[in-house]
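K.L.:
This structure is in structure tokens; I'll ask about it shortly.
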Amino acid sequence: MIAWQRTALSTAMIALLLAFACLRGGFLIGTAIAGLVAVGAGATLFAVRRRAARHEKTPAWTPLTRVALLLIATAVLGGTLALLFLL
């Protein structure tokens, strides 16, 4: 497994943890967004692995960019949740 695939998997796991924290905190919009980030990271990971299994050429920047955007969305959502709880 290459590095960006591990990053996609860890992003999905962190987004699920963030969704659980949002759910416990009563932040339902945050729960939905974190759930979508987790689904997006998993879909990105498995879509690229499926293309690789079919021996189709996939540009490396496409999944890397998607994972980076999902990681940024997770960070923004986590920061928003932290600010809501601190203020």
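Just so you know, all these numbers are worked out from the coordinates, no wet-lab data involved. Everything numeric in this text was worked out from a predicted model, so none of it was measured. Please note: Cβ atoms are built from the backbone with ideal geometry, for glycine as well, and neighbour counts cover all protein chains shown.
K.L.:
Using a Förster distance of 25 Å, how high is the FRET efficiency between LEU87 and MET13, based on the Cβ-Cβ distance and rounded to 0.05?
P.N.:
Step by step, r from the Cβ atoms, then E = 0.35.
K.L.:
Quick check: residue separation of ALA53 and LEU36 times 0.36 nm, minus the Cα distance between them. What number comes out in nm?
P.N.:
Length gained, ALA53 through LEU36: 3.6 nm.
K.L.:
When Rg is the radius of gyration of the Cα atoms in the chain and Rh is its Kirkwood radius, what does Rg/Rh come to?
P.N.:
1.07
K.L.:
Roughly what would the spin-label model give for ALA3 and THR62, points 7 Å off Cα along C-beta, in nm?
P.N.:
2.2 nm
K.L.:
Same structure again: Where the only charges are on Cβ atoms (+1 Lys, Arg; -1 Asp, Glu), what is the dipole of the chain about its Cα centre, to the nearest 20 debye?
P.N.:
With Lys and Arg at +1 and Asp and Glu at -1, about 360 debye.
K.L.:
Now a separate question. On a 0 to 90 degree scale, rounded to 10, what angle separates helix 28-53 from the longest Cα axis of the chain?
P.N.:
10 degrees
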